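Below: the structure, in structure tokens.
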Amino acid sequence: MAVSSFQCPTIFSSASNPAFQCRPDPDLVGSPIGGSSRRHFNSTAGIASSFTGDGRISSMILRFPPNFVRQLSIKARRNCSNIGVAQIVAAKWSDNPASGLPSAAAAASSAPAVSSTAAAATAASSAPAAAVPLVALNGVDEEVVVAEGTREIGLLKDSKPSFLSSDGSLTVHAGERLGRGIVTDAITTPVVNTSAYHFKTTAELLDFKEKRSVSFEYGRYGNPTTIVLEEKISALEGAESTLVMASGMCASTVMLLALVPAGGHIVTTTDCYRKTRIFMETFLPKMGITVTVIDPADIAGLEAAVNKYQVSLFFTESPTNPFLRCVDIELVSEICHKRGTLVCIDGTFATPLNQKALALGADLVVHSLTKYIGGHNDVLGGCICGPLKVVSEIRNLHHVLGGTLNPNAAYLIIRGMKTMHLRVQQQNSTASRMAEILEAHPKVSHVYYPGLASHPEHHIAKRQMTGFGGVVSFEIDGDIEATIKFVDSLKIPYIAPSFGGCESIVDQPAIMSYWDLTQEERLKYGIKDNLVRFSFGVEDFEDVKADVLQALEAI
């Protein structure tokens with residue numbers, strides 16, 4: 001964060017602001033775009049001798065007290081290089097009036113102003129540095145005065161700026177439009193491909209280790225590109241913090257390991273992604289963790305479980321996979337919170353556009369970024385969103401276990417999110433219309449879709465969702481051979497696992513996900529041989545409709 005010499009008011013005298021300190025850093029003068037990502041803070045009293053006698057700063061970086069680290073949002077700390085931190089001349093921490101730091105207004109009134117005489121002196125001693133008028137920027141917890149013309153980046157605690165009022169705009173601009181901690185004029189977020197970040201000196205390293213500065217250190221612990229993705233998702237979910245990982249399963253398993261202690265107890269639902277169930281049934285018991293499994297609609301069963309056991313976590317999908325059952329998120333959150341139980345909702349089938357689980361009362365929401373959020377069937381990823389304190393617990397374990405999202409993958413997901421609202425709108429529409437057509441078709445015996453009045457939780461879905469998603473599950477009126485014939489007769493969708501991408505995808509869960517089990521074992525999970533899961537893409541509705549109808553006629 002190199003700065004040219006500029007006029008500094010005398011409010012930085014050691015008497016008025018003992019907690020501020022400036023550090024000379026000549027190595028950073030003229031640093032290239034994308035330069036140092038390190039942000040410095042210092043609580044040492046007194047002012048460095050590098051202030052000149054006439055009140056000027058020459059190639060300085062302001063070092064702030066630790067309170068600054070706590071008060072500013074993560075976004076602000078990561079974007080200090082963009083907001084011209086070395087030009088900040090006063091700051092106020094509203095919840096710590098005893099800190100000895102005056103407000104900008106008080107400082108201005110108690111100290112001599114930047115006069116035209118002083119500005120002239122500055123110009124005389126350093127010709128390239130002109131006097132710069134000062135303006136105040138109001139953040140959530142602080143009022144910061146910066147030189148006019150510096151970029152107003154990272155000052156808001158809320159990652160959802162006021163001028164982005166819709167989810168569609170957030171998917172395009174959140175995490176990027178107001179700055180992203182990467183100094184660039186590019187519209188798109190750059191991919192930062194590095195495995196580690198260097199320190200100029202051992203003193204810089206010690207500042208970092210002793211928490212006087214904030215910095216990247218190692219690729220497993222963070223990357224500027226992945227941080228942009230985290231902030232974009234946080235804005236969309238209304239979350240205080242988001243952690244991205246290498247896959248949705250990685251996010252789910254690390255979350256469970258971080259939040260459920262050895263010997264603990266969790267509650268989950270019967271209908272869920274099979275690999276999640278396998279992890280709960282085969283791995284968690286090795287840690288002495290027990291599991292209660294209930295029907296998604298079994299509220300009495302949930303109440304009995306949280307009253308009987310010390311339940312750490314209630315974890316479920318909504319809608320679920322593959323039957324698209326819906327949990328009353330507001331109700332289960334109320335029940336669990338009375339007993340101190342955390343609620344985590346896997347919202348992959350819903351997307352943050354169709355459902356806001358955190359706003360409904362859930363503590364955490366998990367997504368497989370591979371699906372709708374990435375949306376192009378070309379990248380793996382997962383995320384966990386929620387309160388900073390809880391997500392930080394999960395992040396600490398994630399740093400130990402690995403499962404880091406590659407920055408190239410983060411870039412693909414960021415790019416995918418920019419069209420997410422358009423894609424999901426089309427997928428919602430196609431799936432809803434096709435569900436009605438399938439339900440009325442004589443060769444279809446049952447349709448599972450929360451947008452249908454026949455769905456057991458349709459009343460819940462209507463209340464907590466704004467759209468019902470692009471996946472429809474249904475049963476063919478026939479055996480496994482008839483179902484195979486239907487699937488093989490389709491021309492548009494690919495036979496594949498996954499869902500939520502631009503291309504339509506179809507599969508038979510009995511074969512794709514449960515073929516290693518016997519028919520009787522599959523039926524325990526409700527998986528019949530004639531079950532089809534159809535993920536509608538963004539193709540034209542009439543084309544998809546014609547393809548599905550001709551395939552049904554083929555059986």
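The values are calculated or read from the model by the stated rules, or taken from the named source; none is laboratory data. No experiment lies behind these values; they were computed from the predicted model shown. All Cβ positions, even for glycine, are placed from backbone atoms using ideal geometry, and neighbour counts span all protein chains on display. Note: accessible area is taken over every heavy atom of the protein model, side chains too, but ligands, DNA and RNA are not part of it. Shrake-Rupley method; radii C 1.70, N 1.55, O 1.52, S 1.80 Å.
Quick one: of K338/K524; K200/K389; K485/K524; K211/K389; K275/K528, which pairs are farther than 23 Å apart, Cα to Cα? Before the final figure, lay out the partial values.
Details: K338/K524 32 Å; K200/K389 31 Å; K485/K524 25 Å; K211/K389 18 Å; K275/K528 18 Å.
In this structure, K338/K524; K200/K389; K485/K524 exceed 23 Å between Cα atoms.
For segment 164-252, with all protein chains present and a 1.4 Å probe, just round the carbon and sulfur fraction of the accessible area to a whole percent.
Values: 2040 of 3700 Å².
Here it works out to 55 percent.
Between A203 and H399, take the C-beta separation as r, use R0 = 22 Å, and let me know the FRET efficiency to the nearest 0.05. All intermediate terms of the calculation are to be shown ahead of the outcome.
On the way: r = 25 Å, r/R0 = 1.12.
So, using R0 = 22 Å, E works out to roughly 0.35.
Note down the relative contact order for segment 427-529 as a percent, whole number, built from C-alpha pairs under 8 angstrom at least six residues apart.
Numbers: 115 pairs, mean separation 20.8, N = 103.
RCO, segment 427-529: 20 percent.
Counting pairwise Cα distances across segment 277-316, what percent come out greater than 15 angstrom?
On the way: 328 of 780 pairs.
Tail of P(r) above 15 Å: 42 percent of Cα pairs.
Under a crude label model (7 Å from the Cα following the beta-carbon direction), how far is Y218 from S489 in nanometres?
Computed distance between label sites Y218 and S489 equals 5.7 nm.
Taking the full set of protein chains and a 1.4 angstrom probe, give the accessible area of L523 in square angstrom, rounded to the nearest 10.
Solvent-accessible area, nearest 10 Å²: 90 Å².
Net charge around T290, counting only other residues with Cβ within less than 15 Å of its Cβ (Lys, Arg = +1; Asp, Glu = -1)? Don't skip to the answer; put the middle values down first.
On the way: positive: R277, K286, K308; negative: E281.
Spelling it out: positives minus negatives among the neighbours equals +2.
With every protein chain present, what is the per residue accessible area of segment 165-264 (1.4 Å probe, Å²)? Working shown, then result.
Details: 4040 Å² over 100 residues.
About 40 Å² of surface per residue is accessible.
Provide, for q = 0.12, 0.13, 0.15, 0.28 Å⁻¹, the log10 of I(q)/I(0) from a solvent-free Debye sum over equal Cα point scatterers in segment 155-224.
For segment 155-224 at q = 0.12, 0.13, 0.15, 0.28 Å⁻¹, log10 I(q)/I(0) is -0.48, -0.55, -0.69, -1.22.
Which value, in Å², gives the accessible area per residue of segment 379-443 when a 1.4 Å probe is used on the protein heavy atoms? Intermediate results must be reported in sequence, preceding the final value.
Working: 2700 Å² over 65 residues.
For segment 379-443, the solvent-accessible area averages 42 Å² per residue.
Pop out the carbon and sulfur fraction of the accessible area of segment 291-362 as a percent, whole number, probe 1.4 Å.
Values: 1210 of 2420 Å².
C and S atoms contribute 50 percent here.
Based on the Cβ-Cβ distance of S392 and E481, what FRET efficiency does E = 1/(1 + (r/R0)^6) give at R0 = 56 Å, to the nearest 0.05?
0.60
Pop out the carbon and sulfur fraction of the accessible area of segment 375-520 as a percent, whole number, probe 1.4 Å. Write out the running numbers ahead of the final one.
On the way: 3560 of 6280 Å².
Whole-percent figure for carbon plus sulfur exposure: 57.
Leaving ligands and nucleic acids out of the surface, order M249, M255 by accessible area at 1.4 Å, largest first. Walk me through the intermediate numbers first.
Values: M249 55, M255 0 Å².
Heavy-atom accessible area, descending, gives M249, M255.
Would you mind calculating the gained length between T466 and L517 on full extension (0.36 nm times residue separation, minus the Cα-Cα distance), in nm to one decimal? Before the final figure, lay out the partial values.
On the way: separation 51, 0.36 × 51 = 18.36 nm, distance 3.65 nm.
This chain segment gains 14.7 nm when fully extended.
What Kirkwood hydrodynamic radius, in Å, does segment 298-430 give when the mean of 1/r is taken over all pairs of distinct Cα atoms and then inverted? List each step's numbers first, then the result.
Details: mean 1/r = 0.0621 Å⁻¹.
Final number for the Kirkwood radius of segment 298-430 is 16.1 Å.
Could you order I555, I266 so the one with the most accessible surface comes first? Probe is 1.4 Å.
Working: I555 50, I266 0 Å².
Ranked from most to least accessible, the order is I555, I266.
Can you give me the three principal axis dimensions of segment 290-335 from its C-alpha atoms, in Å, biggest first?
29, 22, 16
If each of D543 and H337 carries a label point 7 Å out from its Cα toward its Cβ, how far apart are those two points in nm?
Those two pseudo-labels are separated by 4.6 nm.
Can you pull the one-decimal nm distance between simple spin-label points at F279 and H376, each 7 Å off the Cα toward Cβ?
Placing both labels 7 Å along Cα→Cβ, they lie 2.6 nm apart.
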